[in-house]
Amino acid sequence: MTATVRVARVMIDSPVPALDHLFDYAVPESLAEYIGVGCRVRVPLRSGGRIADAYVIELTDSSSFDGELSTLESLVSAVPVLAPEVWRVARAVADRAAGSASDIVRLAVPKRHVRVEKAWLEAEPADDTVAPLPLAGYSDASSAVAPGERVAISAIPQLCLTPNGDTVGRWAQSAAELATQVLARGRKIIIVVPDYRDQDQVLTALRSFVPSRLVSRLDAKQPAAQRYRAFLDCLRPGPRVIIGNRSAVYAPASDLDAIMLWDDGDDLHSEPLAPYVHARDAALVRQQDSGCALILLSHTRSVECQRLVEIGWFRALAPERHTQPRVTLTDPASNGDAARIPSSAWKAARSALESGPVLVQVARPGYAPVVACQRCRTGARCRACGGALSIQKAGQAPHCALCGALSADWRCDECGDTRLRLVTRGSARTTEELGRAFPGTTVITADGDHPLERIPARPALVVATRGAEPIAENGYSAVLLLDGDRMLAREALTIAGDCLRWWSNAAALAANGAPVILVGVGGRLGTAFATWTSAAFAAEELADRRELSFPPAVRTVSVSGDLAAVDAAVSGLDAELYRDVLGPNERAEGGVRSIVRFDYAAGAEIARSLRAAIVANATKRRRGPSAKGGYRPPPTLRIRFDETELVT
């Protein structure tokens with residue numbers, strides 16, 4: 001290439017693994033003055049004469065390609081939507097997970113809206129300053145937000161009032177106060193939370209301190225145009241608070257001062273799309289790239305966070321003094337029967353209703369999520385697909401939770417009985433029972449079908465599934481945590497920590513001094529909850545997992561697909577890089593899965609080898625013989641790092 005020809009190195013927006021690298025294109029003279037790093041372009045592909053969307057990653061005057069370069073097709077937008085810092089993180093995160101950088105960029109950069117973009121370009125940027133505020137409850141807040149500092153903070157389990165008189169969690173207030181520290185330095189902070197309820201709490205707290213024009217919300221529930229406008233605002237220099245769910249960790253912020261991740265143990269932080277990167281892992285990569293502070297804030301410490309603390313990667317920070325919830329452990333069998341709610345819990349609820357609302361947490365939504373034969377107790381199954389039957393409303397015929405088929409004429413295969421018994425009671429059934437037990441009392445249901453964020457400070461029974469608990473003005477007068485034994489019955493490596501987190505987040509909604517009653521759980525887990533010692537419990541859990549070589553003591557990678565593809569991928573790994581291989585085992589949805597366990601130091605090599613296997617598998621299927629009509633089945637090989645569920 002001659003020095004007079006300008007070259008654009010672009011990332012093609014394509015899910016094809018073989019295209020996951022930069023391509024060189026010649027920049028035509030007509031576009032040379034408009035094209036910049038990070039802008040959207042369209043480029044020709046030599047195969048099939050197709051045109052693809054792409055992002056400009058680099059501009060240079062030379063190319064290592066010896067042949068004649070293809071020319072850029074067109075410039076879509078001159079706005080540099082793919083910031084250099086976001087590209088670096090996307091590339092590093094994808095390489096760590098054996099994925100494609102374009103899959104990460106797709107999460108990071110929203111779809112373009114032309115009208116929104118034109119209005120944004122014409123608008124004048126705001127010029128605001130924010131005075132710093134102290135971070136309430138912590139003695140060394142300044143060091144907690146220092147550039148480069150990594151801190152695991154135990155949140156204060158209380159509610160508080162904002163200066164505007166709104167009730168929010170103390171953790172949200174602390175997040176808002178920390179944000180003002182960052183804004184006062186003229187820089188940006190990213191606050192990543194699990195869902196919209198948490199976002200609303202932080203936004204409510206921020207309203208007392210920060211002008212709304214300095215806050216950008218990046219949420220999957222937003223209208224696409226609104227989200228794109230918020231994204232564009234993040235591109236401007238100057239102070240800004242960026243808040244959103246897991247993909248917000250990739251928001252553009254060239255002058256990033258801090259990232260705060262709330263409740264990192266929540267599985268909503270785990271990305272369900274390839275390459276399945278957890279928001280905590282992406283935040284760790286971005287912190288190393290930018291040198292910003294990284295704060296993990298939670299009521300309960302996750303085992304993953306505990307490992308980072310123990311290896312010295314994070315510093316643990318606890319509040320100086322706070323009043324922890326007043327927890328009581330009870331056993332339903334103590335009444336002499338199988339009562340779901342012990343008499344002591346009934347008495348506490350009746351007494352608390354005299355002064356305010358009472359929260360009742362249950363395990364499942366619906367009426368009867370699981371039913372069984374009345375005579376022999378055999379679980380009721382769908383005749384069409386074998387899925388578990390459930391009842392959604394009183395008097396309704398059972399239906400399959402998988403295929404939705406009704407089973408009005410159900411008959412037990414074991415004993416022939418046609419009667420059903422309720423194995424579990426969901427939120428709707430609990431609401432019905434409490435309505436009969438507390439006549440004249442308002443009973444409110446809060447679950448996925450009945451979302452509710454706030455309730456007034458009036459006497460009421462609030463039946464909520466875990467994670468759907470609304471905030472009560474001035475807090476709940478009592479909190480009853482039911483179905484603890486059923487929550488623990490789920491087969492999952494993380495179930496103990498999940499339950500501790502669910503209960504702790506609910507307990508933090510109680511008013512100061514209000515009773516919190518956990519039913520049916522004791523032992524080490526119950527003691528950790530009652531004494532509010534989640535860090536010690538996480539340390540014990542981590543020690544157990546080290547003995548068993550379970551994550552996060554070791555890293556894992558799940559290799560799924562047809563038997564030939566899985567065997568080829570696993571056999572291509574250097575045996576000296578990993579500890580062992582579990583499987584391959586057949587999966588219910590078809591194909592097999594193998595799990596490879598390895599040490600953290602071998603992660604880069606393992607990822608490179610498996611990425612090569614993905615490319616080889618995809619290339620083989622694209623070039624192989626097609627079925628009738630020219631259809632070729634998609635690649636079947638799926639790679640997922642750090643999957644915590646080892647049950648195959």
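Overview of results
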| quantity | calculated |
| --- | --- |
| Scan of region 159-199 for residues that are under 21 Å from L294 (Cβ atoms), among the hydroxyl-bearing types (S, T, Y) and in contact (Cβ under 8 Å) with a residue 60 or more places away in the chain, ordered by number | S174 |
| Top-ranked residue of region 425-475 - restricted to ones that are of a type in the set (D, E) and in a loop (DSSP other than H, G, I, E, B), ranked as surrounded by the most Cβ atoms within 10 Å (Cβ to Cβ) | E469 |
| Members of region 199-229 that are aliphatic (A, V, I, L, M) and either farther than 17 Å from L107 by Cα or surrounded by fewer than 21 Cβ atoms within 10 Å (Cβ to Cβ) (or both) | V202, L203, A205, L206, V210, L214, V215, A220, A224, A225 |
| Segments classed as helices (runs of 4 or more DSSP H), wholly inside region 212-326, with at least 2 members that are in contact with a His (Cβ under 7 Å, 6 or more places away or on another chain) | 224-235, 279-290 |
| Residue that is at pLDDT 95 or above and either assigned to a strand (DSSP E or B) or over 22 Å from P342 (Cβ atoms) (or both), where the choices are G497, G590, G583 | G497 |
| Search result, residues across region 379-424 that are surrounded by 16 or more Cβ atoms within 10 Å (Cβ to Cβ), at pLDDT 75 or above and not in a strand (DSSP E or B) | A380, C382, P398, S407, W410, C412 |
| Failed condition for Q222, given (1) at pLDDT 95 or above; (2) farther than 17 Å from A175 by Cα | (1) |
| Residue check, A205 closer than 24 Å to C39 by Cα and not aromatic (F, W, Y) | no |
| Criterion: under 24 Å from I614 (Cβ atoms), at pLDDT 95 or above and surrounded by 18 or more Cβ atoms within 10 Å (Cβ to Cβ) - qualifying residue of L542, L573 | L573 |
| Matching option when the condition is within 26 Å of C160 (Cβ to Cβ) and surrounded by fewer than 23 Cβ atoms within 10 Å (Cβ to Cβ), among W503, W532 | W532 |
| Selection from region 62-84 of residues that are closer than 30 Å to E117 by Cα and either part of a loop (DSSP other than H, G, I, E, B) or in contact with a Gly (Cβ under 9 Å, 6 or more places away or on another chain) (or both) | S70, L72, E73, A78, V79, P80, V81, L82, A83, P84 |
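The values are calculated or read from the model by the stated rules, or taken from the named source; none is laboratory data. Please read these numbers as outputs of a predicted model, since none were measured by experiment. Reconstructed Cβ throughout: ideal geometry from the backbone, glycine too, with neighbour counts over all protein chains shown.
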